[in-house]
Amino acid sequence: MGLVVTHKTGASGNIIIYDNNAASGNVLIEVDESVAGTFDIVFPGDGILYETGVHAALPANTSLTIFYQQG
């Protein structure tokens, strides 16, 4: 399980992933990105548990793909 992040500009920003269905609640992941390009984040073991839902807040010109296993 993990993430693929694509950032198209050099402007910095934070990707924040919440355990919720909106941009509030517990922050489970926060990634600071400032360089244009694509990178992977792989979580070892069973990954990260989202109990309520998953919501991602992204800076402009950024896309995110989340790979998950439904339990």
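The values are calculated or read from the model by the stated rules, or taken from the named source; none is laboratory data. Owing to the predicted nature of the structure, the values given are computational and were not obtained by experimental measurement. Cβ atoms come from the backbone with ideal geometry, glycine included; neighbour counts cover every protein chain shown. Just the protein is used for accessible areas: all its heavy atoms, side chains included, with ligands, DNA and RNA removed. Shrake-Rupley method; radii C 1.70, N 1.55, O 1.52, S 1.80 Å.
Remarks
- Correct choice for log10 I(q)/I(0) by the Debye sum over Cα atoms at q = 0.15, 0.25 Å⁻¹ that was computed from the model, options (1) -0.58, -1.03; (2) -0.75, -1.04; (3) -0.48, -1.19: (3)
- Under Karplus coefficients 6.51, -1.76 and 1.60, residue-wise ³J(HN,Hα) of the range 43-51 in Hz, glycine/proline x: 9, x, x, 8, x, 10, 8, 9, 8
- Checking every one of the GluC sites (Glu not before Pro) in the chain against DSSP loop status and a limit of 15 other Cβ atoms within 10 Å picks out 51.
- Order by protection proxy (mean Cβ within 10 Å, highest first), peptides 34-44, 52-62: 52-62, 34-44
- The chain, accessible area per residue, ligands and nucleic acids excluded (1.4 Å, Å²): 65
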